Every structure is written in structure tokens, then in C-alpha cells.
């Protein structure tokens with residue numbers, strides 16, 4: 001019994017989820033920095049920025065779970081031809097991505113749910129239930145966790161992009177075409 005060869009590209013579903021999620025994460029990081037640094041009277045800060053940051057954060061959580069499910073179904077290319085140290089960084093970075101794509105929105109949900117002045121956790125045409133009690137101290141813990149984890153995610157995005165650029169511009173052979181697997 002022969003097994004079918006492993007694909008050279010990620011499945012179309014994996015690629016669509018990856019690029020959609022990547023665009024949303026980059027926008028969320030930028031909006032998160034903006035909304036926490038501008039004055040409270042900034043137009044749309046509380047009526048546009050915060051609600052959209054919350055709902056798109058929940059969407060990232062959902063997309064991370066979808067991508068994990070897709071990954072579990074297969075259709076993942078053979079590991080790239082990387083040097084051992086690069087493979088180690090690749091493996092650790094991708095595992096951390098999944099941890100943070102779940103932990104950052106969960107901490108954000110906790111923050112929004114416990115913050116006494118929060119209007120709730122919107123999710124497009126509905127609102128998510130607030131499962132935690134309003135509590136200023138808990139809100140502070142969730143706020144710190146959300147910020148620290150988000151900056152960790154930003155660092156991972158920068159490392160990921162730097163790795164892609166390094167492979168694309170400086171590597172020869174299959175390692176130089178690693179981006180093609182996700183295009």
C-alpha cells in the first residue's frame with residue numbers, strides 16, 4: 001500500500017486562514033497600541049476602536065482553533081529543508097504562535113468581562129456572555145497579561161517575518177522557496 005506524496009504547499013483552506021488571521025493580528029496589534037495611547041476624547045476610541053478590537057480578537061481565537069483543526073486533518077507539506085537550528089526556531093515559534101493566538105484573546109476577554117466600565121464583549125451581530133464578575137483588581141491582572149502576551153505576539157510576528165525574508169533573500173535551494181508553500 002503506497003501513501004500519497006505529501007503536498008508541497010499548505011492546503012488552500014490553511015493558506016486562506018493563515019493570511020486572514022495574519023492580517024487581522026497585525027491590524028489588532030496596531031489598533032491596540034493606538035487605542036491605549038490616544039486621549040479618551042479621540043473620535044471613535046470607545047465606539048469604534050474598542051468594540052472592533054474585541055470582536056476581531058475573538059475572531060482570531062476562532063481562526064486559530066480552525067487552523068489547528070485543519071492542521072490535524074493533514075494537507076501539511078513535508079517539513080522544509082532547514083538547518084537544525086532553524087527547524088528548532090520554526091517549531092518553537094509556531095507552537096508559541098498557537099499558544100498566544102489563544103491566550104491573548106482569552107486574556108482580552110477576561111479584561112473586558114471584569115472591567116467595571118466595560119460594555120461587554122461584542123461579537124459582530126451578538127454579544128458574548130460575560131462569565132466573570134466585574135472586579136477592578138482582576139481587570140488589572142487581565143490587562144497586564146493581555147498587554148504582555150500581545151507584545152510577545154508582536155515579537156513573534158517580527159521574528160516570523162524576519163525568517164521569511166531571510167529565507168527568501170539569502171537562502172538557496174528549497175529553503176529559499178519556503179514562502180511559496182504558503183502562497
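The values are calculated or read from the model by the stated rules, or taken from the named source; none is laboratory data. Because the structure is a prediction, the values reported are computed rather than measured. When we count neighbours, we look across all protein chains shown, and the Cβ atoms used for this are built from the backbone with ideal geometry, even at glycine.
Just a yes or no: is a residue in the range 70-90 at pLDDT 95 or above and surrounded by 15 or more Cβ atoms within 10 Å (Cβ to Cβ)?
No, the range 70-90 has no match at all.
Suppose the filter is surrounded by 14 or more Cβ atoms within 10 Å (Cβ to Cβ), touching a helix residue (DSSP H, G or I) at 6+ places or on another chain (Cβ under 8 Å), within 20 Å of residue 181 (Cβ to Cβ) and at pLDDT 95 or above; does residue 109 pass it?
Criteria not met by residue 109.
Working only within the range 54-78, note down all residues that are closer than 21 Å to residue 158 by Cβ and in contact (Cβ under 8 Å) with a residue 40 or more places away in the chain. Steps first, answer last, please.
Of all residues in the range 54-78, those closer than 21 Å to residue 158 by Cβ come to 56-57, 60, 63-64, 67.
Residues satisfying the conditions are 57, 60, 63, 64, 67.
I'd like to verify a number: residues in the range 116-149 that are surrounded by 13 or more Cβ atoms within 10 Å (Cβ to Cβ), assigned to a loop (DSSP other than H, G, I, E, B) and on the phi < 0 side of the Ramachandran plot, how many?
Here the count works out to 6.
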